[in-house]
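To keep things clear, I will list the structure first and then write my remarks on it.
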Amino acid sequence: MLPIIIIIALLVNLLIETTESFTVVVPRDQTVARVGSTVTLPCWISPPENAEVLEIRWYRQEFSKPVLLYQHGKIIQEESFRNRSSLTLWSDQSGGLKDGDVSLRLEKLTVQDEGSFRCYISGESVYDSGEVVLKVIDSPDSPDSSDLWKALFFTLLICAVLGLVGLILYKYTQKNTIRFSGKKPEEQICEDGGMEKLTEEAVGEINIEELRKHAVKITIDQHYVSPNLIVSKDRKIVRERKEYKHTGEGFPYELYAFGAQKFTSGRHYWELELARANTHPKNYWLIGVAKHENFREKDKSFTPSSGYWFLCSDGPNGFYTSSDPSVSLSLTPRPERLGVLLDYGKGQLSFYNVKERKHVLTMNTRFPGSVTPLFNPGVEDQSSLMILDCPKPVETPVESSEPLLGNTESTPDAKAKTK
């Protein structure tokens, strides 16, 4: 009888250990709001998963007296927070509970609301929690309502005048820029080195030709490739081996491939083909850069603090970044060719939809030492991940931190696809 009990205990323990865990992510800085306003206390699950089947408990000092409790699809609220607390979206790009966003919305704030709020999430065998600190600012001297309206009126009037003057100056400057340079505004910006325009605020068409002036030839370092990947002879095409069996749970981060080039300064641009002829665009891929020293590291958390910066496409789970906490994106249409610009000096990694000529995302950071391109072809796709050679003007040299190794000539298919 005793051996049977021991075997059952071991099986239960093994089941618990193999159960997929998650981490509750909250902002490090305190959240500040005014009395009477509405505030959102952010909280996510990482990696993202459906929180509709989990227990979500927001509480303060006492676990048994939750501010809000979500359980079995129902919400229970503490009396003092009734009708002014709810689960909400942290941002417009959030997928809500289905993507693990369990942020708390508080309305009609009072001074008594100031303090710590703990976000506790639990499943059948896993749980975690995080603390969000709320600072409520009270206005001790409440001015007369008529004075408020006067101040508001004069503020709006001043803003309108300044906005009109700014618009006139902007139009005048743009007109003179085009007249004296003979170029479009976006061309002049790129020529002057104003790459900060190619960030998340960028709108309209992106000048891909200007980006390609910083193009470099990228190849895969065969010494630092996952054994479950196949790399072409020219080291520009990579995909998973047929015998590799993915568990189907989460993105296969272990299918890594590092570039043979490393960078410590300057701007460097490269493109990747994500859709071959007569096939749909790839649904699964991970593209970015990594700290060069990560070659020797075995334990990888794949976050910027660990030396990884990337954009990931995880099929039906959508697109997300390596930032901590991760940011989910909605990219339509799905990129068929992706451009990557590394601006080492400014600490920026930017991504572009080359076919649509649109900016996708810019990550701002400070790179600790040399970095190298990072690739992951994912699984379950018809297409491979292909590194392209971008055409660039002969008169515009691009610095490279080290000479390319081996044969860097692209495949005929890649040449045919490169514009």
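Contact annotation: no residue pair with Cβ atoms under 9 Å, 6 or more positions apart or on different chains, pairs a residue in the stretch 249-260 that is polar (S, T, N, Q) with a partner that is assigned to a strand (DSSP E or B). Scanning the stretch 218-275 for residues that are open to solvent by 30 Å² or more (accessible area, probe 1.4 Å), in contact with a helix residue (DSSP H, G or I) (Cβ under 9 Å, 6 or more places away or on another chain) and charged (D, E, K, R) gives K262, R267. Among the residues making up the stretch 104-128, those that are open to solvent by less than 70 Å² (accessible area, probe 1.4 Å), within 25 Å of N317 (Cβ to Cβ) and either of a type in the set (S, T, Y) or over 31 Å from the mean Cα position of the chain (by Cα) (or both) are Y120, S122, S125.
Within the stretch 337-383, restricting attention to residues that are in contact with a Phe, Trp or Tyr (Cβ under 7 Å, 6 or more places away or on another chain) and of a type in the set (D, E), the residue that is most open to solvent (accessible area, probe 1.4 Å) is E380.
Counting only residues that are part of a helix (DSSP H, G or I), of a type in the set (K, R) and at pLDDT 90 or above, which one in the stretch 197-253 is nearest to L361 (Cα to Cα)? Give the steps one after another, and end with the answer.
The first filter runs over the stretch 197-253 and keeps only residues part of a helix (DSSP H, G or I), leaving 197, 208-214.
Among the residues that remain, those that are also of a type in the set (K, R) are: 197, 212-213.
If we keep only those that are at pLDDT 90 or above too, we end up with 212-213.
Working: R212: 17, K213: 20 Å.
If we take residues in the stretch 197-253 being part of a helix (DSSP H, G or I), of a type in the set (K, R) and at pLDDT 90 or above, then R212 is nearest to L361 (Cα to Cα).
In the stretch 131-141 there is at least one residue that is assigned to a strand (DSSP E or B), modelled with pLDDT of 85 or more and either of a type outside the set (A, V, I, L, M) or over 30 Å from I56 (Cβ atoms) (or both).
In the set K242, K282, K262, which member is of a type in the set (K, R) and over 23 Å from the mean Cα position of the chain (by Cα)?
K242
The values are calculated or read from the model by the stated rules, or taken from the named source; none is laboratory data. On a predicted model such as this, the values are computed, not experimentally measured, just so you know. Please note: Cβ atoms are built from the backbone with ideal geometry, for glycine as well, and neighbour counts cover all protein chains shown. Protein only, heavy atoms only, side chains kept; ligands, DNA and RNA dropped before computing areas. Shrake-Rupley method; radii C 1.70, N 1.55, O 1.52, S 1.80 Å.
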